[in-house]
Amino acid sequence: MKEISPQEAYDAMQEDGEAVYIDVRTVEEFTAGHPEGAVNIPIAFLDPAQGMAFNPEFVEVVEKHFARDQKLLLGCKAGPRSNNAANLLEQHGYQDVASVRGGFGGMRDPYGQVLAEGWADLGLPVSQDNGEGTSYESLAAESG
């Protein structure tokens, strides 16, 4: 699986009009702020009873909106969820998938040291747009 930095993801989105940043964080995380131009398709939801619960419709919603040869940039808060999402999409035949190392919020060690800067850390454009064609609600509805 390919990993890229937030800066490389931003550059890819600027250079390739077909490249899409899929933010795999929860709806609540996405709504609080996300990379400008990103769409929200959560890999998991916060379940009060069991913590994070896998989104069984993740691949289906991606398949309804994005071709298997389209450049997909997957990001989460720090990296682990997007790594899982990228691996899952590769298993389903997606050919140009990259996980954004550091995600939106950056990756830190247990002592708070920065391991990988996130999108927000780098001062890249941030949005709170959660409307039609961007929000998980609208994307999931279109796939049903």
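The values are calculated or read from the model by the stated rules, or taken from the named source; none is laboratory data. This is a predicted model, so every value here is computed, not measured. Neighbour counts run over all protein chains shown; Cβ positions are idealised from the backbone, glycine included. Just the protein is used for accessible areas: all its heavy atoms, side chains included, with ligands, DNA and RNA removed. Shrake-Rupley method; radii C 1.70, N 1.55, O 1.52, S 1.80 Å.
Could you list, in sequence order, the residues of the stretch 108-144 that are part of a loop (DSSP other than H, G, I, E, B) and exposed (fewer than 13 other Cβ atoms within 10 Å of the Cβ)? Outline the logic, then answer.
Initial filter on the stretch 108-144 (part of a loop (DSSP other than H, G, I, E, B)): 109-113, 117-125, 128-135, 144.
Within the stretch 108-144, Asp109, Pro110, Tyr111, Gly112, Gln113, Gly123, Pro125, Gln128, Gly131, Glu132, Gly133, Gly144 meet the criteria.
All but one of (1) farther than 20 Å from Gly133 by Cα; (2) open to solvent by 60 Å² or more (accessible area, probe 1.4 Å); (3) assigned to a loop (DSSP other than H, G, I, E, B) hold for Gly105; which doesn't?
It fails just one condition, (2).
What pairs come up if the first residue lies in the stretch 88-104 and is farther than 18 Å from Lys77 by Cα, the second is part of a loop (DSSP other than H, G, I, E, B) and of a type in the set (Phe, Trp, Tyr), and their beta carbons are under 6 Å apart, counting only those six or more places apart or on different chains?
That search, which allows pairs on different chains as well, returns nothing.
Counting only residues that are hydrophobic (A, V, I, L, M, F, W, C), under 11 Å from the mean Cα position of the chain (by Cα) and part of a loop (DSSP other than H, G, I, E, B), which one in the stretch 55-102 is surrounded by the most Cβ atoms within 10 Å (Cβ to Cβ)?
Among those that are hydrophobic (A, V, I, L, M, F, W, C), under 11 Å from the mean Cα position of the chain (by Cα) and part of a loop (DSSP other than H, G, I, E, B), it is Cys76.
Report yes if Leu115 is touching a Pro at 6+ places or on another chain (Cβ under 8 Å) and farther than 19 Å from Val20 by Cβ, otherwise no.
Values: touching a Pro at 6+ places or on another chain (Cβ under 8 Å): no; farther than 19 Å from Val20 by Cβ: yes.
No; evaluated as a whole, the condition is false for this residue.
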